[in-house]
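Comments concern the structure below.
The values are calculated or read from the model by the stated rules, or taken from the named source; none is laboratory data. Worth saying up front: this structure is predicted, and the values here are computed from it rather than measured. As a convention, Cβ positions derive from the backbone with ideal geometry for all residues, glycine included, and neighbour counts pool all protein chains shown. We work out accessible area using only protein heavy atoms, side chains counted, and drop any ligands, DNA or RNA first. Shrake-Rupley method; radii C 1.70, N 1.55, O 1.52, S 1.80 Å.
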Amino acid sequence: MRPVELDAGGVVLRGVLHPRRRRASAEATTVLLPGTGDTAATWDAVGPVLSADRDVVALSLRGHGRSDRPGTYSIAWMADDVATALVALEHGPVDLVGHSLGGLVAMLVAAREPALVRRLVLEDVGLPQPRLPSLPARPDGALPFDWAVVEQVRPEIDQPAGHWPYTARAVAAPTLVVAGGPTSSVPQDGIADLVAAMPDARAVTVDAGHLVHEREPEQFTAHVRAFLAS
C-alpha cells in the first residue's frame, strides 16, 4: 500500500494504492469511493483482498481525509473531481465502486463519462427520493472531513434534483448494487427502484446495515470479485 495523489483540475484527491499481487494479471483497475464522513481508510480491509489480481485505488472525496478541502461541495463537483482524476490515473476504463455518497458520485461519473467506467458497484445506494430535510448536529471535536460537506450536500440528498431517474437510465456499465438489508438506514425499496431504472443492473443483499464493506468485508469482497470477473 502506498499513497496516491491525483490532480482533479484544481482539487487534489488523495488516497492509497494497493498494487496487484499477481503481476502477470491484467484485470481492470478498481477505484473505491467512500461515503460522507469516511476517507480512503474505510476500504483498508477490502483493498488488499481485491488487489490479488488488480490494482486498487481508494480515494477520499473532496473535503475528506487528506484530499483538498476547498469549502465548496456538491455531488456534481465531486463527480467532476473523480472523472478528472480517473483520466489522470491513466489506467484505462476502471471498475468503480462507491458507498453511499460515493455511490451517487460513482453513478454520476458512469452516466456522464461512460468511456471511463467498465463496471460499477454501488453499496447500499437507492434511487434518491425526497424526504423530510434533517441536518444532523456537528459532532464535537476534530473530524476527518470538512463539516461543510454535510451542510452543503445533505440538502441535495434530502431534496434530490430531478435528473436522478434519467441518470440511472444513462448508466451503460454493468452494475451490481450491494444492499444492506432491513437493518440499513437506506430504504431498501429505493434500491429496488434504482436497479429497475438501470439498463443492466442486479442486486444482492448482505444483511449488515449501511456499512456492508466494514461489517461484512468477506461477503462484500466475494460478491464484488465474482461480479467484476463475470
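Filter segment 144-203 down to the residues that are charged (D, E, K, R) and assigned to a loop (DSSP other than H, G, I, E, B), then identify the one that is farthest from residue 76 (Cα to Cα). Ranking the candidates gives 200 first. The set of residues in segment 90-115 that are surrounded by fewer than 20 Cβ atoms within 10 Å (Cβ to Cβ) and not acidic (Asp, Glu) comprises 91, 92, 93, 112, 114, 115. Pull up segment 23-68, narrow it to residues that are in contact with a His (Cβ under 8 Å, 6 or more places away or on another chain), without any contact (Cβ under 8 Å) to a residue 60 or more places away in the chain and assigned to a loop (DSSP other than H, G, I, E, B), then point me to the one that is least open to solvent (accessible area, probe 1.4 Å). Going through the qualifying residues, I end up with 51. Of all residues in segment 183-201, none are closer than 25 Å to residue 48 by Cα and not hydrophobic (A, V, I, L, M, F, W, C).
Run down 92, 141 and say which single residue is without any contact (Cβ under 8 Å) to a residue 24 or more places away in the chain and on the phi > 0 side of the Ramachandran plot. Of 92, 141, the one residue that is without any contact (Cβ under 8 Å) to a residue 24 or more places away in the chain and on the phi > 0 side of the Ramachandran plot is 141. Evaluated against (1) assigned to a loop (DSSP other than H, G, I, E, B); (2) without any contact (Cβ under 8 Å) to a residue 40 or more places away in the chain; (3) in contact with a Leu (Cβ under 7 Å, 6 or more places away or on another chain); (4) of a type outside the set (Phe, Trp, Tyr), residue 109 falls short on exactly one condition, (1). Could you tell me whether any residue of segment 77-88 is crowded, with 24+ Cβ neighbours inside 10 Å and of a type in the set (Phe, Trp, Tyr)? No, that holds for no residue. Would you confirm whether or not segment 201-222 contains a residue that is surrounded by fewer than 13 Cβ atoms within 10 Å (Cβ to Cβ), at pLDDT 95 or above and in contact with a strand residue (DSSP E or B) (Cβ under 9 Å, 6 or more places away or on another chain)? The answer is yes, given that some residue of segment 201-222 is surrounded by fewer than 13 Cβ atoms within 10 Å (Cβ to Cβ), at pLDDT 95 or above and in contact with a strand residue (DSSP E or B) (Cβ under 9 Å, 6 or more places away or on another chain). In this structure, is residue 113 at negative phi and not basic (Lys, Arg)? Here the answer is yes, as residue 113 does meet what is asked. Scanning segment 154-189 for residues that are closer than 16 Å to residue 132 by Cα, surrounded by 16 or more Cβ atoms within 10 Å (Cβ to Cβ) and not β-branched (Val, Ile, Thr) gives 154, 156, 160. Residues in segment 137-153 that are closer than 15 Å to residue 60 by Cα and in contact with a Gly (Cβ under 7 Å, 6 or more places away or on another chain) were compared, and the one that is least open to solvent (accessible area, probe 1.4 Å) is 149. Among the criteria (1) more than 24 Å from residue 211 (Cβ to Cβ); (2) at pLDDT below 95, the one residue 93 does not fulfil is (2). If the condition is being of a type in the set (Gly, Ala, Ser) and part of a strand (DSSP E or B), then segment 85-106 contributes only 98. Of the residues making up segment 117-136, those that are buried (at least 21 other Cβ atoms within 10 Å of the Cβ) and in contact with a Pro (Cβ under 8 Å, 6 or more places away or on another chain) are 117, 119, 120, 126, 127, 128.
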